[in-house]
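One structure is given here, and the rest of the page talks about it.
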């Protein structure tokens, strides 16, 4: 009966109840979406970073270099000569150097030329087929295989550029699928991995092809020797932390390449994004406070018109504490409803981001993230707002003078 | 059964009341009349335990209500005393049936839908059970108020001006209904009113005067 009294009271003045719930759920939805997205972005960034100490690439924006080489969400700054890269790779301070050559894609998924160390860095396991052994053989990230319905033995043609358009197909150069990776929940899931030689073959042959076309002459035999080989970036892992201090300076000042620390760049990026997230959370917090005020006004203004029924309830034996509890729970119910609707909206937002937004697609913003401790904290904050908003009306109900109220009727 | 000794109560030093002893049981319903300011409603609130007398005793089925704590009076009132008001206030959000049931809920008693249905039939409000109180006429509200008061099978039924806003026909009907229902339920009935039309239906009555 207690629940019935509370719910019927709230439904009886549904307009005020609905307004409070809308305000609250908006605040909850924004805060929880921002919290989960922020957390997932940071976690995903961290996952993809692995133990990459330094990224080396063409001069340009260091953040762009990191975003393109580590997260594959930006265009590369350019290419670097393989001979220059090899000098860095042979440096005794370097424990591991992984070359990356990219610039092509297949229906929006990047084709990355590299070696097996790149797969090992992300603990990738071949789910089906085998690792590539020859140029033009590829292994697919799990999402690429699923979304593009590619199977072992299938062939496809890459296109120039990193977009999904197929304006510049590298016709005549078919990639063959030899393996499919198990999901790693890293950037690898979204990539097509092939030996660096594949990228060189396609591009150098392409350049030669263009050149020979002009002379009506076709000869692919000498394609690798006539132009200097290039890669896009180099992922470095140092032997000792001291290299973190000396290597970037050396590369940036002594070579025509650029060195960027992923940790520094990502911290900078997160700092910039953090300001936006904080602003959004502040707005959502204000919404929740306004909602709390709305709950207070709704309950308090109703006290005057409900005073007779409250006095009546007391005269029927309802204790002060029970009357106090009824009004308090009315405030709490509004807030719990606002919280549930808000979290549902937030989950829907996460799903939408997960399936529609390109950026989020690479970040795997999932509903599972909603089950975090932060959301529990948000629940307590929301409930706290409801209880605080209902406290004064509840105390007023607690102290109602039955005789005076009923005699004044 | 209700029995009081001389009760005194003061709102302020200037506004105080002294009430003569009264006695009533289900076979001898009591009518308390008096003009405005004579303390009728104050007396009713004292009998109901809504106010605590400064002195004197109020025995309801042998329990001295004056000696109970505030919370104890709430519990006692819920279990043994029901009050019918001139304006039968309702919980507007609840249906008529729920308004009747809520009385039992607040008093800590359990009531079945069947019991509500039976009582509603006696008071001719069966067809109103699913309506909201705002949809009822004054006479219907009065009958539902009586049903709500009787659902707990109280020992003492107090009615405050139950006929004041009714015409002669309805006045007679309501008084007859209250007397019949309280007699059936073996409930002591006390009516407090300034409506002297009611006096003819009671042999046990008390007329309060302003001192």
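Could you tell me how many of the residues in segment B:50-75 are assigned to a helix (DSSP H, G or I), crowded, with 20+ Cβ neighbours inside 10 Å and facing chain A (nearest Cβ under 8 Å)?
1
Which ranges mark the helices (runs of 4 or more DSSP H) fully within segment A:308-401 that have 3 or more residues being closer than 25 Å to residue A:11 by Cβ, at pLDDT 90 or above and away from chain B (no Cβ under 14 Å)? Before the answer, list the steps.
Values: elements: A:320-356, A:358-363, A:373-398.
By residue number, A:320-356, A:373-398.
Quick one: residue B:111 ticks every box in (1) farther than 23 Å from residue A:8 by Cβ; (2) surrounded by fewer than 23 Cβ atoms within 10 Å (Cβ to Cβ) except a single one, so which number is it?
(1)
Conditions (1) without any contact (Cβ under 8 Å) to a residue 12 or more places away in the chain; (2) in a helix (DSSP H, G or I), marked per residue:
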site	(1), (2)
A:3	yes, yes
A:7	no, yes
A:10	no, yes
A:19	no, yes
A:25	no, yes
A:36	no, yes
A:44	no, yes
A:51	no, no
A:101	no, no
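Looking at segment B:125-146, which of its residues are within 20 Å of residue B:190 (Cβ to Cβ) and either free of Cβ contacts under 8 Å to residues at least 12 places away in the same chain or more than 13 Å from chain A (Cβ to nearest Cβ) (or both)? Quick ask: steps written out before the conclusion?
So in segment B:125-146, the residues within 20 Å of residue B:190 (Cβ to Cβ) come out as B:142-143, B:145-146.
Passing the criteria: B:142, B:143, B:146.
Among the residues in segment B:114-127, are any crowded, with 16+ Cβ neighbours inside 10 Å and on the phi > 0 side of the Ramachandran plot?
No, that holds for no residue.
Run residue A:257 past the list (1) at pLDDT below 85; (2) touching a strand residue (DSSP E or B) at 6+ places or on another chain (Cβ under 6 Å) and report the number of the one that doesn't hold.
Just one mismatch for residue A:257, condition (1).
Every residue, every condition in (1) over 30 Å from residue A:160 (Cα atoms); (2) at pLDDT 90 or above; (3) part of a strand (DSSP E or B); (4) in the same structural domain as residue A:101 (by TED's automatic domain parsing), yes or no:
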site	(1), (2), (3), (4)
A:203	no, no, no, yes
A:206	no, no, no, yes
A:221	no, no, no, yes
A:240	yes, no, no, yes
A:283	yes, no, no, no
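Counting only residues that are within 9 Å of chain A (Cβ to nearest Cβ) and assigned to a helix (DSSP H, G or I), which one in segment B:105-124 is nearest to residue A:308 (Cα to Cα)?
B:106
Given the criteria within 13 Å of chain A (Cβ to nearest Cβ), under 25 Å from residue A:12 (Cα atoms), modelled with pLDDT of 90 or more and surrounded by fewer than 16 Cβ atoms within 10 Å (Cβ to Cβ), does residue B:101 qualify? Full working, then the answer.
On the way: within 13 Å of chain A (Cβ to nearest Cβ): yes; under 25 Å from residue A:12 (Cα atoms): yes; modelled with pLDDT of 90 or more: yes; surrounded by fewer than 16 Cβ atoms within 10 Å (Cβ to Cβ): no.
In short, no.
Considering only residues of segment B:36-49 that are in contact with a strand residue (DSSP E or B) (Cβ under 8 Å, 6 or more places away or on another chain) and in a loop (DSSP other than H, G, I, E, B), which is nearest to the other protein chains (Cβ to nearest Cβ)?
First pass over segment B:36-49, keeping only residues in contact with a strand residue (DSSP E or B) (Cβ under 8 Å, 6 or more places away or on another chain): B:38-44, B:46-49.
With in a loop (DSSP other than H, G, I, E, B) added as a condition, the list becomes B:38-39, B:49.
Numbers: B:38: 14, B:39: 11, B:49: 9 Å.
Of everything passing the filter in segment B:36-49, B:49 is nearest to the other protein chains (Cβ to nearest Cβ).
Give just the number: which of (1) buried (at least 21 other Cβ atoms within 10 Å of the Cβ); (2) touching a residue at least 40 places away in the same chain (Cβ under 8 Å); (3) part of a helix (DSSP H, G or I) does residue A:145 not satisfy?
Of (1) buried (at least 21 other Cβ atoms within 10 Å of the Cβ); (2) touching a residue at least 40 places away in the same chain (Cβ under 8 Å); (3) part of a helix (DSSP H, G or I), only one is false for residue A:145: (2).
Among the residues of segment A:316-332, are any in contact with a strand residue (DSSP E or B) (Cβ under 9 Å, 6 or more places away or on another chain), assigned by TED's automatic domain parsing to the domain that holds residue A:6 and buried (at least 22 other Cβ atoms within 10 Å of the Cβ)?
Residues of segment A:316-332 in contact with a strand residue (DSSP E or B) (Cβ under 9 Å, 6 or more places away or on another chain): A:316-317.
Going one step further and asking which of them are assigned by TED's automatic domain parsing to the domain that holds residue A:6, we end up with A:316-317.
Among the residues that remain, those that are also buried (at least 22 other Cβ atoms within 10 Å of the Cβ) are: A:316-317.
For segment A:316-332, residues in contact with a strand residue (DSSP E or B) (Cβ under 9 Å, 6 or more places away or on another chain), assigned by TED's automatic domain parsing to the domain that holds residue A:6 and buried (at least 22 other Cβ atoms within 10 Å of the Cβ): present.
The values are calculated or read from the model by the stated rules, or taken from the named source; none is laboratory data. Treat the numbers as computed from the prediction; the structure is a model and nothing was measured. Neighbour counts run over all protein chains shown; Cβ positions are idealised from the backbone, glycine included.
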